[in-house]
Amino acid sequence: MTAINKFNAVIIGSGLGGLTAGATLAKLGKKVLVLEQHYIPGGCATNFKRKGFIMEVGLHEMNGFHDRDIKAEVFELLDVNKFIQFVPAPELFHVTSAATTFTFPHGTARAQQALIEKFPHEAKGIQAFFRLMNNVLDEIYRMPKEKWKMTLIYPFIPVLYSNIFKSLKLSCGDWLDKHITDEQLKLVLTTNVLYYGDDPYNLSLLHFAIAQAGYITGGGYYIKGGSQKLSDYLTSFIEKNGGQVMAGKKAENILVENDRATGVQYRDAFNDSLEPVTIYADAIVLNAAIPHAIKMLPEPYRQSLKEKTKNLETSCSLISIYMGFDIDLKQFGVQHYSTFIQGKGINQLKDIKANNIGDWGNKSFVFVDYSQLDSGITPAGKSFGVICAADYLSEWEGLDEPAYKNKKEQIAQLFLKRLETHYPGILQHIIFYEVGTAKTIQRYTLNPKGTPYGYAQSPSQSGVKRIPARSPLRNMYFASAWSFPGGGFTGSISGGYWAAMSMNKAIKWQTYNKQLLEDGRIVKLLTTQVIAENTIELTFEKPPGFYHKPGQYAILRLNKPKKIELDLPFRSLSIVSHPDEPILRFAMRVSDSSFKYSCLQMEAGDEATIFGPCGNFLLKPGMGHTVFLICGIGITPVLPILKELEKKQFKSRIYLFNSNRTIASTAYQRELENIKIENYTYLPVITSTSKRIDIDLLKYHLNDLLQYDYYLVGTSPFLASMKQLLTREEVPIDKIKMDDFG
């Protein structure tokens, strides 16, 4: 064991709970290592880019920022407010249904007044609702954080903290039924219940009161530039304070000695050829889902934790439809940041759960228009919006990839048509949309059942009944949506902070040197060259142990991008170089994006991080006659495939149809002309002077289309047209392989 492999704390997972715990411990002088299986830190607090838009993965609005909000203490300690801007939403939400329409304002007094004006006959119940929320906030703020103080006052909790005590046993629905009779008012008060769960009768009153009071009292806020900004800031804070955050590294085993967690074994999440690495630490923080912690523990600790959690209920998931618009949506009557559109037949509070698990064509949903704010993620004159509704992994299990895509599209169309009903003409201005499901969340976060919320916030699983930060195993702590206090941005941040502060007092910390782990995936740029009109090639060092197959891609992350406006510092790029080459080459069209600008500004010696290899756009075993249908820069994965076939002295026929606007814009034209394969035919298709690839062109050269396997690379429209062209000629779908870089 070397000194390099010793840390004060290893944090498994880089969601906000893990990053906050790591940043707090680093601020307190601890040597911290964060391991994240994805190539992006942040969990659900992340962004992705499509068609010039920064898409927000999970954040609609963050609650809090009132005088009793724990985040104020956390953000002051970590200097968050100096570097991150929080943009206020104009109101909590707007709701519309067949029975009522209401805009819920921020501020306790304003909200109470607006509700009483709307429902004057329920003034007493409304006042009780706000009194409960205010009192719960006061009591939570006053409640001692030290365990010994809590032990002393435990017998007096029902008197000293009566509102908390009463709220512990009740569900949100039960309390509303007891104090309010108007069902429409109940529905208005729980309009955004999906922020916490899918059923007000299975939602802890305490959890609902604290969270909802945070929104009403302190307002709702968006993180300017996207939630990734906060995740990236906490990552940089850890690194600036002597810690290390390693993305693309998946923890597999938690080491235990003498009934104490002592370390972690992890391996590269992308490169299976690399050996696992063992790290030793004074303490371990589980930001990953608790069910994953169970799998990482040795016996008997695995079975012990499994028994403690086996009866816990997992919360729901979400479906999101991310949309980019070519116009300011205010022109279509979109006046609010968050507009909740209730499904038909929701006449009472008990109907909410049935609606959430019911017909997709009638599910309630929220439409969030980020362009209503100075969000920093929308290009000028355009809009970015999200439709969000309840989802469940069971909806998607057992579907193969084509069936999964088809179902996503069918469901998207149901929601889009309903959006069009409320805002006529809006669909004509959609540039792009993409659907994320429970399966998507599970894929990127590994959360069981694809839930972003962890265990359900039911009365029996909330508050003091929730899994505490300190685990049954000594020196192992939990800091995620699955543990106390629970999910959401505020819950995760506060949970991570409390876990770190508890550890700071309880752990016997050792002193280690400041040397960090060497990351072999960090490579230097060797050369940049223009290879065609408006096209460049970047050549990097190859990371040790990097073995890719022809046709695969890697994620290229710029370590110090020169520009980041409306962009992210990474791209998935096909690997142009053949595996035998000692370097990695990537090619791209030049554009005005911040990422491409930063690539152009890179100099030899500048560093980037390579995640990979990835992808299954590979040669079929025993492949026969083959046709490549390629559009533009889509040639990049094909060039190493051709070189591999050249190396193997491939004998079957190969036709390469390479479509570009001009010869000058054709990347690797000379290399493609000089491929030495016996039965290779290169057919450049120059669309500025001749027609595009069509069935007549294919039949002229191929004669019998059914003799060939087809490899398609290009934009989504190109792939769709080529696939349709082939299937109309009865080419079997299993003979068509596609790589969509668009």
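Which members of region 367-426 meet the condition of being in contact (Cβ under 8 Å) with a residue 12 or more places away in the chain, among the β-branched types (Val, Ile, Thr) and assigned to a helix (DSSP H, G or I)?
Residues satisfying the conditions are Ile411, Ile426.
Going by what's in this entry, would Val264 be described as at pLDDT 95 or above and buried (at least 23 other Cβ atoms within 10 Å of the Cβ)?
Judged against the criteria, Val264 is a match.
Given region 671-742, what strands (runs of 3 or more DSSP E) lie entirely inside it while holding 3 or more residues that are more than 19 Å from Glu401 (Cα to Cα) and in the same structural domain as Leu656 (by TED's automatic domain parsing)?
680-686
On the basis of being surrounded by 22 or more Cβ atoms within 10 Å (Cβ to Cβ) and either modelled with pLDDT of 95 or more or within 19 Å of Ala667 (Cα to Cα) (or both), does Arg571 make the cut?
Taking the combined requirement at face value, the residue does not satisfy it.
One residue is enough: does region 595-606 have a residue meeting the conditions under 17 Å from Phe270 (Cβ atoms) and modelled with pLDDT of 95 or more?
no
Somewhere in region 78-90, is a residue part of a helix (DSSP H, G or I), of a type outside the set (Val, Ile, Thr) and under 24 Å from the mean Cα position of the chain (by Cα)?
So far as region 78-90 goes, yes, one or more of its residues are part of a helix (DSSP H, G or I), of a type outside the set (Val, Ile, Thr) and under 24 Å from the mean Cα position of the chain (by Cα).
Looking at region 433-466, which of its residues are of a type in the set (A, V, I, L, M, F, W, C) and touching a Phe, Trp or Tyr at 6+ places or on another chain (Cβ under 7 Å)?
Ala438
Across region 354-366, what is the number of residues that are part of a helix (DSSP H, G or I) and either on the phi > 0 side of the Ramachandran plot or surrounded by fewer than 20 Cβ atoms within 10 Å (Cβ to Cβ) (or both)?
Total meeting the criteria: 5.
When residues of region 405-415 are filtered for being in contact with a helix residue (DSSP H, G or I) (Cβ under 9 Å, 6 or more places away or on another chain) and either farther than 30 Å from Lys737 by Cβ or surrounded by fewer than 17 Cβ atoms within 10 Å (Cβ to Cβ) (or both), how many remain?
4
Quick check on my filter: what residues within region 699-718 are in contact with a Leu (Cβ under 7 Å, 6 or more places away or on another chain), without any contact (Cβ under 8 Å) to a residue 60 or more places away in the chain and among the hydrophobic types (A, V, I, L, M, F, W, C)?
Leu705
Please verify whether Ala45 is crowded, with 24+ Cβ neighbours inside 10 Å, part of a helix (DSSP H, G or I) and assigned by TED's automatic domain parsing to the domain that holds Ala247, treating the condition exactly as stated.
No; evaluated as a whole, the condition is false for this residue.
Taking Arg585 as the residue in question, decide whether it is surrounded by fewer than 19 Cβ atoms within 10 Å (Cβ to Cβ) and more than 26 Å from the chain's Cα centre (by Cα).
The answer is no for Arg585.
Going through Val256, Val285 one at a time, which residue ends up being over 30 Å from Asn47 (Cα atoms), touching a helix residue (DSSP H, G or I) at 6+ places or on another chain (Cβ under 7 Å) and either crowded, with 17+ Cβ neighbours inside 10 Å or β-branched (Val, Ile, Thr) (or both)?
Every option except Val256 fails the conditions.
Which residue out of Ala114, Ala128, Ala109 is part of a helix (DSSP H, G or I) and touching a His at 6+ places or on another chain (Cβ under 9 Å)?
Going through Ala114, Ala128, Ala109 in turn, just one is part of a helix (DSSP H, G or I) and touching a His at 6+ places or on another chain (Cβ under 9 Å): Ala128.
Does Asp606 satisfy being among the charged types (D, E, K, R) and without any contact (Cβ under 8 Å) to a residue 12 or more places away in the chain?
no
Out of (1) more than 21 Å from the chain's Cα centre (by Cα); (2) closer than 24 Å to Ser462 by Cβ; (3) of a type in the set (A, V, I, L, M, F, W, C), the odd one out for Leu286 is which?
The single condition Leu286 does not satisfy is (1).
From the list Phe340, Phe325, Phe332, which one is at pLDDT 95 or above and either over 26 Å from Asn63 (Cβ atoms) or assigned by TED's automatic domain parsing to the domain that holds Val256 (or both)?
Phe325 is the lone residue from the list that is at pLDDT 95 or above and either over 26 Å from Asn63 (Cβ atoms) or assigned by TED's automatic domain parsing to the domain that holds Val256 (or both).
Has region 518-525 got at least one residue that is closer than 26 Å to Ile411 by Cα, among the hydrophobic types (A, V, I, L, M, F, W, C), surrounded by 19 or more Cβ atoms within 10 Å (Cβ to Cβ) and in contact (Cβ under 8 Å) with a residue 40 or more places away in the chain?
no
For region 304-314, state whether one or more residues are in contact with an Asp or Glu (Cβ under 9 Å, 6 or more places away or on another chain) and touching a residue at least 40 places away in the same chain (Cβ under 8 Å).
no
Here are some residues: Pro298, Pro291. Which one is touching a Pro at 6+ places or on another chain (Cβ under 6 Å) and either polar (S, T, N, Q) or surrounded by fewer than 22 Cβ atoms within 10 Å (Cβ to Cβ) (or both)?
Pro291
Is at least one residue of region 633-648 surrounded by fewer than 19 Cβ atoms within 10 Å (Cβ to Cβ), in a loop (DSSP other than H, G, I, E, B) and outside the structural domain of Ala247 (by TED's automatic domain parsing)?
Checked region 633-648: at least one residue is surrounded by fewer than 19 Cβ atoms within 10 Å (Cβ to Cβ), in a loop (DSSP other than H, G, I, E, B) and outside the structural domain of Ala247 (by TED's automatic domain parsing).
Select from region 138-180 the residues that are part of a helix (DSSP H, G or I), polar (S, T, N, Q) and modelled with pLDDT of 90 or more and list them in ascending order.
Within region 138-180, Ser162, Asn163, Ser167 qualify.
Using the structure shown, decide if Thr101 is loosely packed, with under 12 Cβ neighbours inside 10 Å, modelled with pLDDT under 95 and of a type in the set (S, T, N, Q).
no
The values are calculated or read from the model by the stated rules, or taken from the named source; none is laboratory data. Being a predicted model, the structure only gives us computed values, none of them experimental. Positions of Cβ are backbone-derived with ideal geometry, glycine not excepted, and every protein chain shown enters the neighbour counts.
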